[in-house]
Amino acid sequence: MFVQYVIVIVILLLIVDRWKPKKMLILHQQLGNDWAYYPIIGNAFSFIGNNEDLMTAFIKTSTQGLKRKYNAISFWLGHIFFVGISDPDLAIVVLKSTLDKNFVHKLTKHLSGNGLVFAPVDIWHRRRKILAPTFASRYVSKFVTVFETHAKIIAEELESHVGKGNVSCLDYVTRYALDSICETEFGMNMDMQRQPDHPFFNAFVEYLKNIAARLCLPWLQIDAIYKLLPVYSRQEATKKIIYEFIDNLIYKKKALIKERDGIEAKADYLVGKTNPNITSFLELMIENSKNTDKAYSHEELREETLVLALAGTDTSSIGICFTILLLSQHSDIQERVYNEIQEFLSNSDKPLQMEDLLKLKYTKAVINETLRLYPPVPFITRCCKEDLILPNGIVIPKDSNVVVSIWGLHRNPQHWGDDVDDFNPDRFMSGQIPNAFMPFSHGPRNCVGYKYAMLSLTTTLVTLLRKYRFTPATNFKYDKNNPLRLSFAIMMKHVDGFTVQMEYRE
């Protein structure tokens with residue numbers, strides 16, 4: 001029965017492959033790519049492999065586009081047509097005018113439902129209005145204390161590795177990011193940094209690993225096939241753990257809010273908070289949605305808090321890890337950052353404040369240069385609901401998918417110069433940032449939490465560099481002839497686990 005089912009699907013796919021839209025076929029003749037094409041799967045064979053192979057294929061879409069007449073290429077993943085661009089002028093038009101996410105939404109819906117990042121436009125528009133005010137500076141600036149508290153725990157957890165050889169910092173920083181996001185979202189400290197086997201942490205990491213494989217393999221995008229595979233059962237099990245954890249936090253916070261509303265208290269104080277000086281995202285979402293036609297349901301609160309956890313954890317943790325890794329390889333730049341920290345913050349034990357971090361211009365330049373070279377989200381996808389005319393004259397047909405290569409934009413020599421592959425933070429010290437810099441996307445659907453991510457990055461970096469000096473790991477020296485090995489698993493990561501060595505500062 002299974003064999004017959006597969007045969008029917010293959011026949012249907014062959015029919016679909018034969019009847020591709022004419023406009024897409026014409027554009028593909030204009031743009032094209034350097035990969036082999038096969039019936040049914042199109043160019044998908046070039047994206048087959050492990051996560052490192054996948055990232056390598058994505059990088060090739062960027063380099064191919066930069067060498068072609070229209071600064072763009074096209075390719076087919078099964079019957080799905082893509083246009084890949086690495087030029088900022090084209091990217092700005094796409095990201096400002098095309099707001100619909102593509103089929104990736106279907107793949108992420110299993111966990112995040114209609115959460116903000118992948119929601120259809122009509123749902124996104126309402127939720128963005130509710131969520132955007134929660135990221136106002138007056139709220140986010142107060143999270144510095146939360147970030148510093150959890151960053152100090154990283155410093156404690158890493159101390160056993162000082163002077164003892166190589167250490168991978170990814171898991172440590174990911175647990176830090178999850179602890180930070182749980183406290184800022186729910187006002188509760190889950191202390192996952194001191195619990196390496198925390199079930200939510202393990203389920204969270206495993207789910208992201210499993211979903212990455214579906215993105216570029218057409219046969220795994222068919223739910224009927226995917227549900228027959230063992231990986232689907234594992235995804236269901238991890239989803240249950242994640243949902244139970246998030247639901248429990250929401251119920252607890254609602255109970256605390258109800259208790260608060262039933263007693264007399266100061267307006268800025270909530271019973272049960274780990275930190276009475278901050279207002280959690282969940283509280284703000286509940287309050288802000290009351291002012292709309294329809295207050296957030298429990299399901300909607302779960303979706304949005306989950307999306308914030310997914311996006312906030314990976315963006316912050318990967319940005320921190322890449323920065324540490326690059327500083328370990330560039331001791332002169334690391335010392336310049338440390339000297340700036342000493343100049344403005346000295347060795348004071350006073351808790352960090354927003355105004356302290358704003359003084360650190362070079363530190364911010366280092367973070368920006370890291371995000372330029374290694375953006376955590378290296379590619380953004382959109383689906384055109386109407387024909388779209390680009391500045392270079394090409395017309396992207398309705399129902400086409402567009403891949404905006406942030407990796408390609410950030411390594412386009414026309415906008416960054418011939419030293420585009422060099423780690424040079426001084427390029428951000430002039431105050432004039434090229435429009436090709438888009439680590440948090442661009443346009444109406446840009447990352448609503450970019451201020452949050454930058455504060456988390458800066459606070460953690462300052463806290464760690466005050467105590468430790470990072471040096472290259474044994475046998476891990478990177479340069480133009482030996483670049484970082486990268487993988488793609490929802491976010492871009494370092495294959496070797498962001499491995500460094502550590503020593504105390506005097």
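The values are calculated or read from the model by the stated rules, or taken from the named source; none is laboratory data. Source: prediction; values computed, not measured. Here the Cβ is made from the backbone with ideal geometry for all residues, glycine too, and neighbour counts use every protein chain on show.
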| request: Tell me, yes or no, whether segment 381-396 has at least one residue that is farther than 17 Å from LEU31 by Cβ and of a type in the set (D, E, K, R). | output: yes
| said: Restricting to segment 142-187, give me the number of residues that are at pLDDT below 90, of a type in the set (Gly, Ala, Ser) and in contact with a helix residue (DSSP H, G or I) (Cβ under 6 Å, 6 or more places away or on another chain). | reply: 0
| task | Tally the residues that are over 29 Å from ASP356 (Cβ atoms) and either in contact with a Leu (Cβ under 8 Å, 6 or more places away or on another chain) or of a type in the set (Gly, Ala, Ser) (or both), restricting the search to segment 443-487. | result | 7
| message | So, ASP100, is that one acidic (Asp, Glu), touching a residue at least 12 places away in the same chain (Cβ under 8 Å) and farther than 19 Å from GLY393 by Cβ or not? | response | yes
| field | Qualifying residues in segment 384-420 (those that are surrounded by fewer than 19 Cβ atoms within 10 Å (Cβ to Cβ) and among the polar types (S, T, N, Q)) - the one farthest from SER97 (Cα to Cα) | value | GLN414
| said: So, in segment 290-335, how many residues would count as being modelled with pLDDT of 90 or more and of a type in the set (Phe, Trp, Tyr)? | reply: 1
| Identity of the residue in segment 339-367, of a type in the set (Asp, Glu) and surrounded by 13 or more Cβ atoms within 10 Å (Cβ to Cβ), that ends up nearest to ARG466 (Cα to Cα) | GLU340
| So which residues in segment 64-117 are hydroxyl-bearing (Ser, Thr, Tyr) and not in a strand (DSSP E or B), if there are any at all? | TYR70, SER86, SER97, THR98, THR108, SER112
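Yes/no per residue for (1) surrounded by fewer than 19 Cβ atoms within 10 Å (Cβ to Cβ); (2) in contact with an Asp or Glu (Cβ under 9 Å, 6 or more places away or on another chain); (3) farther than 20 Å from GLY312 by Cα; (4) among the hydroxyl-bearing types (Ser, Thr, Tyr):
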residue	(1), (2), (3), (4)
ASP171	yes, no, no, no
LEU178	no, no, no, no
ALA203	no, no, no, no
SER233	yes, no, yes, yes
| field | All helices (runs of 4 or more DSSP H) inside segment 396-483 with 1 or more residues being under 30 Å from CYS182 (Cα atoms) | value | 406-410, 450-467
| request: Filter segment 454-490 for residues that are in contact with a Gly (Cβ under 6 Å, 6 or more places away or on another chain) and modelled with pLDDT under 95 and give the result. | output: none
| Only one residue in TYR374, TYR362, TYR338 is at pLDDT 90 or above and under 23 Å from the mean Cα position of the chain (by Cα). Which one? | TYR374
| Is it true that ARG336 is farther than 22 Å from ASN475 by Cα, surrounded by fewer than 23 Cβ atoms within 10 Å (Cβ to Cβ) and in contact with a Pro (Cβ under 9 Å, 6 or more places away or on another chain)? | yes
| query | Taking the stated definitions as given, is MET454 closer than 21 Å to ARG336 by Cβ and either surrounded by fewer than 21 Cβ atoms within 10 Å (Cβ to Cβ) or not aromatic (Phe, Trp, Tyr) (or both)? | reply | yes
| In segment 425-441, is there at least one residue being closer than 15 Å to LEU326 by Cα and in contact (Cβ under 8 Å) with a residue 60 or more places away in the chain? | yes
| query | Taking segment 134-192 only, how many residues are of a type in the set (S, T, N, Q), closer than 19 Å to LEU325 by Cα and in a loop (DSSP other than H, G, I, E, B)? | reply | 1
| said: On the basis of being over 30 Å from ALA309 (Cβ atoms) and either charged (D, E, K, R) or surrounded by fewer than 21 Cβ atoms within 10 Å (Cβ to Cβ) (or both), does ILE123 make the cut? | reply: no
